[in-house]
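Visitor: I'd like to ask some things about the structure below.
The values are calculated or read from the model by the stated rules, or taken from the named source; none is laboratory data. Nothing here was measured: the structure is a model prediction, and the numbers come from that model. Heads up, the Cβs are rebuilt from the backbone with ideal geometry, glycines too, and the neighbour counts pull from every protein chain shown.
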Amino acid sequence: MRSLSSWMTIGFACASMLSCAPSPNHVEVTNDVSIIIVPELDALPFDPRGARLRSATDQLTALAGHPIAIQIDAAIASALRPEFEHELIAAIENTARDLAQWKKAEPLAFAESVRTFHRLECHYRATVTEPESSFDAKSGVLRIDLPSHPSSLVPRGAVGDALSQEDDAALDRDFGTKTPDTVSASERRAYYEYLVRTRPGYGSLYERRFRDKTRGLPPAEALASSPRADVIARVARLRELAQGDPDLLARSRRWLFEQLPFFASAYENSEADLDAVRAGSLFRVAESAYVRWLAATWPTASTEERVGAAKSIFKTRYPRAYPGFDRFASGLRLVGEVRARGNNPEDDELRALLNVDRGWLGFALSTEENLRKLAQTLDAHADAGLVESVFLALRGSFSRRDEREGRPDPYPRLLHLLDPSRKAWHAGINVLLDDRDRSLETEAQYIWKTYPAKRGVAVYLLAKDKKHLGPYYGDNYWREFPQSYGAAIDGPMLGAMLDDGRPAFELVPTLWLGLAPRFSRAAVLVPRIDSVLTDATVPDAAGTLRALSAIVDRLCKEGNASDLAALHTYLDKRIASHPREAPPFTILKRDTAPGGCRARTKVADDPESKR
């Protein structure tokens, strides 16, 4: 047997089979790697003084913390002779690379593995077609069996696979029969790693031990005995026992939050099977432990943690999901926190929570009980912005396709449960008024019939809904309004409509023929002009001025001298107190004066004015 020891010193390298005179100077040995070829060859197939070889062995020794001997079958060395030095260096580099990756992925396992890893052996075995690697922690030998014409001495990943397989076997020996209650306090971190460790292509290694356990079982039985549920229950219990270990608490917290999709998937996709899962099963034990942890953690969780969790918690509509955890109240608090944080209805996190398909709002609409709770909550809520955000989300949640397929529109369902005397109902109406896609007539009819005291709101909705009609069709609609609805629009109704401000005021001329006779229009309109027209000289005043002009037209056609006179008196006073507003009011003042309607009639009858 020929043994070569490569000694890296200050200024020179020496191999054991070469003659080296002792140096009289002090020599600090920084590396010692033994490369052994069995049986010995007549000549070394590599240069022990090569710079790249020295660099590779330096790195390996530094990473391992001690020398690792390398033994190679002579048959393998002969087969690779033309490229042996290159393959030897690659073998050392691949070993170091695998160790570095193992250290990054499993730092605790790395420390134990590298402590016992002292020798790497490359053997020729005629019966293998692909390289096979294994590690014996007792002897400290990592063995790689190679075929007769190997492509490399140490394939990339071979060392890592051997160390991880031995680590798996060691963990199974140490913890396979233990539970969170039987491991010692000093073993808890290692036991946690044993429970949750994963590997690419394998998934959860603990669960993999039981991969055949549920194969072929009916879905309900497979869910009841889920290996994932077993792990979750164990980690939750381990966390209860490890309150004095901040590191373990932090890591197990992150891992438990990551398990929410497991339950969400079960609740969303296996409702029929869930009802058959018995109490005391692995799933039910894990569910109970998990919900207990979730309820205890939720109040102190960060907003980001809870927003992330919400994607799973509110995804399912299963009413018995997360038993004991108040999804409605927890989600409502989270919605309020997110909205208050940015006070922006376009906030991505808020929009996700108010998503009707997968967010908290969808869960709040999922049952009649939840819907009533939502209505009661909005009625009692002081945050008008939150109420508006809910209705804005609802406004865009119903499509023409939903309507065609017979799905109920959630907007009126919620609106009809609100108290019309409270702010939330009015917020819902205001959002509805801005909806360009939804017909307002149906809701107006409901309000007219159900809430007689709110008929002014119904009139406003109808006026907004019908404003697109031209003068001919619009006048016909409103002329028939008293017969269609059983009553004309009286003064209190008109006043209630005008309480909604300038947009409502500007619709008055369109619904004029629906007004009841024998009440003063001016008595309702004039007291509100100042509030809807604060400055007649600004561009925004144009719409209101046009509406006033159209109202004067209506009064002139009716010959309503008293209301015209009331308007004229108002204009006199307004111009007197605001002289700079005289120009925009000039024509209105002229036409509301006695005989002023003749000017409008003359313009209307003048053929030149119609060209």
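Visitor: Considering only residues of region 85-131 that are of a type in the set (Gly, Ala, Ser) and in contact (Cβ under 8 Å) with a residue 12 or more places away in the chain, which is nearest to GLU193 (Cα to Cα)?
Guide: Applying the filter and picking the extreme gives ALA109.
Visitor: Taking region 286-308, which residues are among the charged types (D, E, K, R) and surrounded by fewer than 17 Cβ atoms within 10 Å (Cβ to Cβ)?
Guide: ARG292, GLU304, GLU305
Visitor: Among helices (runs of 4 or more DSSP H) lying entirely in region 397-477, which contain 2 or more residues that are closer than 21 Å to LEU498 by Cβ?
Guide: Filter on region 397-477 gives 423-433, 441-450, 455-466.
Visitor: If you go through region 89-115 one residue at a time, how many are of a type in the set (Val, Ile, Thr) and more than 45 Å from the chain's Cα centre (by Cα)?
Guide: Number of matching residues: 2.
Visitor: Also, quick follow-up: Look through region 469-481, keep the residues that are out of contact with any strand residue (DSSP E or B) (no Cβ under 8 Å at 6 or more places or on another chain) and surrounded by 16 or more Cβ atoms within 10 Å (Cβ to Cβ), and return whichever of them is nearest to ASP553 (Cα to Cα).
Guide: ASP475
Visitor: Inside region 314-335, can you point out the residues that are touching a Lys or Arg at 6+ places or on another chain (Cβ under 7 Å) and assigned to a helix (DSSP H, G or I)?
Guide: Those that are touching a Lys or Arg at 6+ places or on another chain (Cβ under 7 Å) and assigned to a helix (DSSP H, G or I): PHE328, LEU334.
Visitor: I've got another one for you. Only residues that are surrounded by 22 or more Cβ atoms within 10 Å (Cβ to Cβ) and of a type outside the set (Asp, Glu): list them for region 81-90, please.
Guide: Listed by number, the list holds a single entry, LEU88.
Visitor: Among the listed residues GLU349, GLU268, which satisfies the condition of being of a type in the set (Asp, Glu) and farther than 27 Å from ALA222 by Cα?
Guide: Step by step, each of GLU349, GLU268 is checked, and only GLU349 is of a type in the set (Asp, Glu) and farther than 27 Å from ALA222 by Cα.
Visitor: Would you point out which residue out of ALA522, ALA424 is under 27 Å from TYR411 (Cα atoms), touching a residue at least 12 places away in the same chain (Cβ under 8 Å) and not β-branched (Val, Ile, Thr)?
Guide: The conditions single out ALA424.
Visitor: Further, regarding this structure: Residues that are closer than 15 Å to ALA74 by Cα and among the hydrophobic types (A, V, I, L, M, F, W, C): find the strands (runs of 3 or more DSSP E) completely inside region 101-164 holding 2 or more of those.
Guide: In region 101-164, 119-124, 141-146 are the strands (runs of 3 or more DSSP E) which contain 2 or more residues that are closer than 15 Å to ALA74 by Cα and among the hydrophobic types (A, V, I, L, M, F, W, C).
Visitor: Could you tell me whether ASP500 is in a loop (DSSP other than H, G, I, E, B), of a type outside the set (Lys, Arg) and in the same structural domain as PRO452 (by TED's automatic domain parsing)?
Guide: It is true that ASP500 is in a loop (DSSP other than H, G, I, E, B), of a type outside the set (Lys, Arg) and in the same structural domain as PRO452 (by TED's automatic domain parsing).
Visitor: Could you run through region 351-361 and say how many residues are surrounded by fewer than 21 Cβ atoms within 10 Å (Cβ to Cβ) and among the small types (Gly, Ala, Ser)?
Guide: 1
Visitor: Name every residue in region 260-270 that is surrounded by 15 or more Cβ atoms within 10 Å (Cβ to Cβ) and of a type in the set (Ser, Thr, Tyr), in order of residue number.
Guide: TYR267, SER270
Visitor: Could you please tell me which pairs satisfy a Cβ distance under 9 Å, a separation of 6+ or placement on different chains, a first residue in region 206-227 that is free of Cβ contacts under 8 Å to residues at least 24 places away in the same chain and over 18 Å from ASP168 (Cα atoms), and a second residue that is hydroxyl-bearing (Ser, Thr, Tyr) and in a loop (DSSP other than H, G, I, E, B)?
Guide: Every condition considered, the pairs that remain are LYS213/SER225; THR214/SER225; THR214/SER226; LEU217/SER225; GLU221/THR214; GLU221/SER281; ALA222/THR214.
Visitor: Out of the residues in region 257-308 meeting the condition of being of a type in the set (S, T, N, Q) and part of a helix (DSSP H, G or I), tell me which one is farthest from the chain's Cα centre (by Cα).
Guide: Filtering first and then ranking leaves SER288.
Visitor: So, of the residues in region 32-49 that are at pLDDT below 80 and outside any loop (DSSP other than H, G, I, E, B), which turns out to be surrounded by the fewest Cβ atoms within 10 Å (Cβ to Cβ)?
Guide: Filtering first and then ranking leaves ASP32.
Visitor: Just checking, does region 543-566 include any residue being loosely packed, with under 14 Cβ neighbours inside 10 Å, in contact (Cβ under 8 Å) with a residue 40 or more places away in the chain and either under 56 Å from the mean Cα position of the chain (by Cα) or not in a helix (DSSP H, G or I) (or both)?
Guide: yes
Visitor: Among the residues of region 206-255, count how many are within 28 Å of ASP275 (Cα to Cα), assigned to a loop (DSSP other than H, G, I, E, B) and not aliphatic (A, V, I, L, M).
Guide: Counting residues in region 206-255 that are within 28 Å of ASP275 (Cα to Cα), assigned to a loop (DSSP other than H, G, I, E, B) and not aliphatic (A, V, I, L, M) gives 11.
Visitor: Same structure again: Return yes when THR544 is under 22 Å from LEU513 (Cβ atoms) and either modelled with pLDDT under 95 or of a type outside the set (A, V, I, L, M) (or both) and no when it is not.
Guide: In short, yes.
Visitor: Sort out which residues of region 366-387 are modelled with pLDDT of 90 or more and exposed (fewer than 14 other Cβ atoms within 10 Å of the Cβ), and write them in order of number.
Guide: Across region 366-387, the qualifying residues are GLU368, GLU369, ARG372, ALA380.
Visitor: Return a yes/no flag: does region 237-258 have any residue that is farther than 30 Å from LEU354 by Cα, without any contact (Cβ under 8 Å) to a residue 40 or more places away in the chain and hydrophobic (A, V, I, L, M, F, W, C).
Guide: Yes - at least one qualifying residue is present in region 237-258.
Visitor: Among the numbered criteria (1) without any contact (Cβ under 8 Å) to a residue 40 or more places away in the chain; (2) assigned by TED's automatic domain parsing to the domain that holds ASN370; (3) not small (Gly, Ala, Ser), which one does LEU414 miss?
Guide: Looking at each condition in turn, LEU414 falls short on (1).
Visitor: Ok, one more. Across region 188-205, which residue is farthest from GLY157 (Cα to Cα) among those that are free of Cβ contacts under 8 Å to residues at least 40 places away in the same chain and either touching an Asp or Glu at 6+ places or on another chain (Cβ under 8 Å) or part of a loop (DSSP other than H, G, I, E, B) (or both)?
Guide: TYR194
Visitor: Here is a further query. What do you reckon, is LYS311 under 18 Å from the mean Cα position of the chain (by Cα), buried (at least 19 other Cβ atoms within 10 Å of the Cβ) and at pLDDT 85 or above?
Guide: no
Visitor: How about region 271-285: which of its residues are under 19 Å from LYS315 (Cβ atoms) and buried (at least 18 other Cβ atoms within 10 Å of the Cβ)?
Guide: Matches in region 271-285: LEU274, PHE283.
Visitor: Does ASP181 satisfy being acidic (Asp, Glu) and part of a helix (DSSP H, G or I)?
Guide: Considered against the rule, which asks whether it is acidic (Asp, Glu) and part of a helix (DSSP H, G or I), ASP181 comes out as no.
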